[in-house]
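Below is one structure, written out as structure tokens; comments come after it.
The numbers here are math on the coordinates, done by the rules we state, and not lab data. All values reported here derive from a predicted model rather than from experimental measurement. Backbone-built Cβ (ideal geometry, glycine too); neighbour counts: all protein chains shown.
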Amino acid sequence: MWNLTPDARGDLDAILDRALTYANGLPVYALSAVERGAVHTVYQLYDDLLGQPHLDLAPPELNGARQALQAAYDQVQVGGRLADLRVRLLASADICPYCGFGEPRDLDHYLPRSAYGELAIYPRNLIPSCNPCNNAKRAIVPGLDDATAPGFIHPYFQTLPDQDFLRADALYVDGALQVSFRIDAANIDPILAAKLQFQLDRLKLNERYPKRINTYLSEQRVGILQVGTIGEAALRTFLEASATSLSNDFGRNDWRVALLRALAAEVDFAREPELYLGPLQRPVA
Ligand SMILES: [Zn+2]
């Protein structure tokens, strides 16, 4: 969750040429040398700015080519001349970096295609994401869609502090489990915390997690119930240990880590997990 390894930029001229040349070799749009240089400058600036918006990302030199570059994204779709770029980018992520559980099937334009046509086919502006996240994010960029919105973190470029910032609170009453996630700003930069919280809210993750929590806890059901038979303290220790193990594998701010810690802290869950998970079926002797 949160971060992805950036695409190795590869041969950007080859991508531009395929994007702007029909299969029969005729040009869709013939980039001049000045325009080609300007595209490279914009791509480099995008990296230098860590993907954050800037007026210089839409230079006047590209006024003529912008529309063709923007339309060229159609070639990144299935069946297009750059379909292999789509396949490569989607293959680079196992899970959606925005939610941490969805399957990446879409490419999200981190800086929206509508505003930054010159970045429409730049691989590092294309974020493998699940469909619900892509739809929920839409054209959110600070200063564009909503000047007051903190914006999203950039999955390729954002450096995250080695601190626990994703927290969950669990409430367990009569077998009904309510979990809500939030960003704990205590030990991280307040601007980053605002972005992470905005992202959590904008993607409606607290509405989307319960289904995942249900599936995930069903998968862990037998282990939790087995340990639960030993006692409440043993189960809380088990949940903490499981959280630490997951944290080592998937990162300390994985949603499952926060979930298990919240469950370990909710004494009522540890006391009677079967109210939620159902009774442990003992094998017939
Ligand atoms: Zn997602």
- Query: Between the stretch 181-224 and the stretch 251-274, how many Å separate their Cα centres?
  - Reply: 12
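State to the nearest 20 debye the size of the charge dipole of the stretch 166-277 about its Cα centre, where the only charges are +1 on K and R beta carbons and -1 on D and E beta carbons.
Dipole size: approximately 420 debye.
Contour minus end-to-end for N3 and A185, with contour as 0.36 nm per residue of separation and end-to-end as the Cα-Cα distance? If you can, show how the numbers build up before the last one.
On the way: separation 182, 0.36 × 182 = 65.52 nm, distance 1.86 nm.
Contour length minus Cα-Cα distance gives 63.7 nm.
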- Two-site FRET efficiency, S32 against D268, from Cβ-Cβ distance with R₀ of 51 Å, rounded to 0.05: 0.15
- Task: Using R₀ = 35 Å, calculate the FRET efficiency as 1/(1 + (r/R₀)^6) where r is the Cβ-Cβ separation of Y216 and A14; round to 0.05.
- Result: 0.25
- Task: Could you work out how far helix 190-202 tilts from the main Cα principal axis of the chain, as a 0 to 90 degree angle to the nearest 10?
- Result: 80
- Item | Within the chain, helix-based [θ] at 222 nm, where runs of 4 or more DSSP H residues each add -39,500 (n - 2.57), nearest 500 | -13000 deg cm²/dmol
- Query: Which of G100, G231, G51 moves the most in a Gaussian network model of the chain with Cα springs under 10 Å?
  - Reply: G231
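Would you mind counting up the charge near E103? Only other residues with Cβ under 15 Å from its Cβ, with Lys and Arg at +1 and Asp and Glu at -1. Before the final figure, lay out the partial values.
Details: positive: R86, R105, R208, K211, R212; negative: D94, D106, D108.
Cβ neighbours under 15 Å give a net charge of +2.
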- How far is it, in nm, from the label point at L171 to the one at S92 when both lie 7 Å from their Cα along the line to the Cβ? 4.2
